[in-house]
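To start, the structure under review is shown below, and the notes come after it.
The values are calculated or read from the model by the stated rules, or taken from the named source; none is laboratory data. Keep in mind that what you see is a predicted model, and the values were worked out from it rather than measured. Note: ideal-geometry Cβ built from the backbone for every residue, glycine included; neighbour counts use all protein chains shown. Accessible surface areas use protein heavy atoms only, side chains included; no ligands, DNA or RNA. Shrake-Rupley method; radii C 1.70, N 1.55, O 1.52, S 1.80 Å.
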Amino acid sequence: SSIAGALMILFFIKLKTENINDYLSLNSLNFKSSYYFFLATFALLIVMEFISKKYPDIFATEFVLESYKSANSLPLLYLGVVIFGPIFEEMLFRGFLFKGLQESFLGSTGAVIVSSIIFSAIHIQYGIAVIVFLLFPMSILLGYARLKSNSLILPILLHSLNNLLTCLVTHFEIY
């Protein structure tokens with residue numbers, strides 16, 4: 001579904017403009033800003049892990065565990081969750097939607113906040129506490145990574161890293 005969704009986004013962008021790379025800001029990364037955003041991501045992940053260990057009942061969600069346990073193929077699960085999911089979601093939220101919001105009266109900061117709210121809201125399966133304390137802050141970080149780097153590639157990489165670490169933590173909780 002992520003592949004089909006990404007193709008649909010590309011189709012709609014192509015209807016609007018000739019240059020998909022410019023619309024999605026598929027620009028090369030600056031090492032220095034990327035480095036700082038990776039550090040910020042690791043710091044946020046550490047804080048999130050600390051919060052979830054301190055208040056495990058608030059963040060208890062069966063969705064991730066059940067998805068992981070019911071996967072027929074862990075390599076396919078990882079491919080979907082770590083690669084294709086982040087590519088599609090970032091194309092949609094920090095690419096397609098972000099660009100439209102940024103060019104509206106909301107501007108850049110509004111684009112970060114509104115795209116983060118919508119991104120967080122579609123992950124309702126994790127529960128409100130997870131959305132408010134974990135997903136929304138990560139989404140804000142991804143939005144500012146997109147804004148400050150002027151590239152969609154950085155939030156894709158950060159999102160993939162987040163999902164990979166989440167999968168690994170889940171794997172070690174189960175096994």
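General remarks:
- Of the residues making up segment 98-117, those that are of a type outside the set (S, T, N, Q), modelled with pLDDT of 95 or more and either closer than 19 Å to Pro56 by Cβ or touching a helix residue (DSSP H, G or I) at 6+ places or on another chain (Cβ under 7 Å) (or both) are Phe98, Leu101, Leu106, Gly110, Ala111, Val112, Val114.
- Test set (1) surrounded by 16 or more Cβ atoms within 10 Å (Cβ to Cβ); (2) aromatic (Phe, Trp, Tyr); (3) more than 13 Å from Gly127 (Cβ to Cβ) - Phe59 fails condition number: (3)
- Scanning segment 20-43 for residues that are closer than 15 Å to Lys148 by Cβ, in a helix (DSSP H, G or I), open to solvent by 40 Å² or more (accessible area, probe 1.4 Å) and at pLDDT below 95 yields Phe31, Lys32.
- Selection within segment 122-153 - among the aliphatic types (A, V, I, L, M), at pLDDT 95 or above and part of a helix (DSSP H, G or I): Met138, Ile140, Leu141, Leu142, Ala145, Leu147, Ile153
- Among the candidates Glu49, Glu89, residue that is part of a helix (DSSP H, G or I), surrounded by 15 or more Cβ atoms within 10 Å (Cβ to Cβ) and of a type outside the set (Phe, Trp, Tyr): Glu89
- Some residue of segment 68-78 being in contact with a helix residue (DSSP H, G or I) (Cβ under 9 Å, 6 or more places away or on another chain), in a helix (DSSP H, G or I), at pLDDT below 95 and more than 17 Å from Leu165 (Cβ to Cβ): yes
- Of the residues making up segment 55-67, those that are in contact (Cβ under 8 Å) with a residue 40 or more places away in the chain and part of a helix (DSSP H, G or I) are Ile58, Phe59, Phe63, Val64, Leu65.
- Checking each residue in segment 62-78 for being closer than 21 Å to Ser1 by Cβ and not aromatic (Phe, Trp, Tyr) picks out Val64, Glu66, Ser67, Lys69, Ser70, Ala71, Asn72, Ser73, Leu74, Pro75, Leu76, Leu77.
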